[in-house]
Amino acid sequence: MTDPLRTGPEDVEFHRSRRMFCLKDGEIEVAPHHTAMSHLEWFEAEGWVSADDQHFMEATVRGMFIPNENAIFLYRGRGFFFDADLIAEVNRRARQLQAALLLDGYVLVYAGPADAIIRGGRYEQKLLGTIESLTRSG
């Protein structure tokens, strides 16, 4: 079975169309434009995670901006999950996310992955608001 955290041939076009980021050491790290890598592959390339130690992958808030949907999606772990802590972090970081990714205030912000179904697995999604609404409340 294919690892959903690794890039397959069917993922390349989508991966190149989106902008990956993560929250690391209090900063927002943004992946290179038009990369075909997955988050896991990017983290490995940066030396942030190894095959033996997946703690970074489980603990780190990561996400993507999808220009065609004018939306960002944030989650953590192999299961693309979110919880109250992640939502609070997103609310605190909304202005930083907006600046780091050069987003307008109308960008929609979701907790959970971009697709509710990924390679047969179903994942929860929750609309948190727009960047503008989160920056006002955060």
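The values are calculated or read from the model by the stated rules, or taken from the named source; none is laboratory data. Being a predicted model, the structure only gives us computed values, none of them experimental. Counting neighbours? That spans all protein chains shown, and the Cβs are built from the backbone with ideal geometry, glycine included. Heads up: the accessible areas ignore ligands, DNA and RNA and are worked out on the full protein's heavy atoms, side chains in. Shrake-Rupley method; radii C 1.70, N 1.55, O 1.52, S 1.80 Å.
Does the range 81-103 contain any residue that is touching an Asp or Glu at 6+ places or on another chain (Cβ under 9 Å), surrounded by fewer than 15 Cβ atoms within 10 Å (Cβ to Cβ), in a loop (DSSP other than H, G, I, E, B) and not charged (D, E, K, R)?
Checked the range 81-103: no residue is touching an Asp or Glu at 6+ places or on another chain (Cβ under 9 Å), surrounded by fewer than 15 Cβ atoms within 10 Å (Cβ to Cβ), in a loop (DSSP other than H, G, I, E, B) and not charged (D, E, K, R).
Is there a residue in the range 38-56 that is surrounded by fewer than 14 Cβ atoms within 10 Å (Cβ to Cβ), closer than 20 Å to Arg16 by Cα and of a type in the set (Gly, Ala, Ser)?
Among the residues of the range 38-56, at least one is surrounded by fewer than 14 Cβ atoms within 10 Å (Cβ to Cβ), closer than 20 Å to Arg16 by Cα and of a type in the set (Gly, Ala, Ser), which makes the answer yes.
Taking Asp115, is it acidic (Asp, Glu), under 24 Å from Gly26 (Cβ atoms) and free of Cβ contacts under 8 Å to residues at least 12 places away in the same chain?
For Asp115, the condition - acidic (Asp, Glu), under 24 Å from Gly26 (Cβ atoms) and free of Cβ contacts under 8 Å to residues at least 12 places away in the same chain - is not met.
Which residue out of Ala45, Ala36 is among the aliphatic types (A, V, I, L, M) and out of contact with any helix residue (DSSP H, G or I) (no Cβ under 9 Å at 6 or more places or on another chain)?
Result: Ala45 is the single residue among Ala45, Ala36 that is among the aliphatic types (A, V, I, L, M) and out of contact with any helix residue (DSSP H, G or I) (no Cβ under 9 Å at 6 or more places or on another chain).
With respect to Gly8, determine if the residue is touching a Ser or Thr at 6+ places or on another chain (Cβ under 8 Å) and surrounded by fewer than 19 Cβ atoms within 10 Å (Cβ to Cβ).
Judged against the criteria, Gly8 is a match.
Give just the number: which of (1) part of a helix (DSSP H, G or I); (2) buried (at least 19 other Cβ atoms within 10 Å of the Cβ); (3) not small (Gly, Ala, Ser) does Phe73 not satisfy?
Evaluating Phe73 over (1) part of a helix (DSSP H, G or I); (2) buried (at least 19 other Cβ atoms within 10 Å of the Cβ); (3) not small (Gly, Ala, Ser) leaves (1) as the failure.
Go through the range 1-19 and report how many residues are under 14 Å from the mean Cα position of the chain (by Cα) and in contact (Cβ under 8 Å) with a residue 40 or more places away in the chain.
Selection size over the range 1-19: 4.
Considering the range 20-37 alone, what residues qualify as being under 15 Å from the mean Cα position of the chain (by Cα) and open to solvent by less than 50 Å² (accessible area, probe 1.4 Å)?
Matches in the range 20-37: Met20, Phe21, Cys22, Leu23, Lys24, Ile28, Val30, Ala31, Thr35, Ala36.
For residues that are at pLDDT below 95, small (Gly, Ala, Ser) and in contact with a Phe, Trp or Tyr (Cβ under 9 Å, 6 or more places away or on another chain), scanning just the range 103-138, find the one that is nearest to Arg62 (Cα to Cα).
The residue in question is Gly112.
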